[in-house]
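The structure appears below as structure tokens.
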Amino acid sequence: MAAGVIQMAVSRSREYEADRAAARLMGDGEPLARALEKISMGVARRPVMVNPNQASAYIANPLGGLRKMGGASKLFTTHPPMEERVARLRNGD
């Protein structure tokens with residue numbers, strides 16, 4: 001179980017780093033932030049039924065949409081919350 005939690009934390013960390021690298025490459029994080037919001041809205045409207053083991057291969061969590069997660073439940077996700085990704089891009093983090 002500990003290995004799974006660590007693997008998911010690494011996956012979330014890689015998502016943040018990919019966002020940061022893309023924003024740096026583009027010179028501005030705002031276009032990426034807007035794109036992530038659109039993707040997230042699309043997943044919320046039309047969730048995709050995928051094998052949970054494959055969820056990490058998607059840009060947005062296809063299983064959760066805009067569902068709010070808090071506390072310990074964040075430990076078991078492969079994707080960081082979309083709101084946090086967008087906020088980091090807009091803040092230049």
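The values are calculated or read from the model by the stated rules, or taken from the named source; none is laboratory data. As the structure is a computational prediction, the values presented were derived from the model and not from experiment. Ligands, DNA and RNA are excluded from the accessible area calculation, which covers all protein heavy atoms including side chains. Shrake-Rupley method; radii C 1.70, N 1.55, O 1.52, S 1.80 Å.
Numbers at a glance
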item	result
Answer from MET8, MET26 - the residue that is modelled with pLDDT under 80 and of a type in the set (A, V, I, L, M)	MET8
Test for ASP28: is it of a type in the set (D, E, K, R) and open to solvent by less than 30 Å² (accessible area, probe 1.4 Å)	no
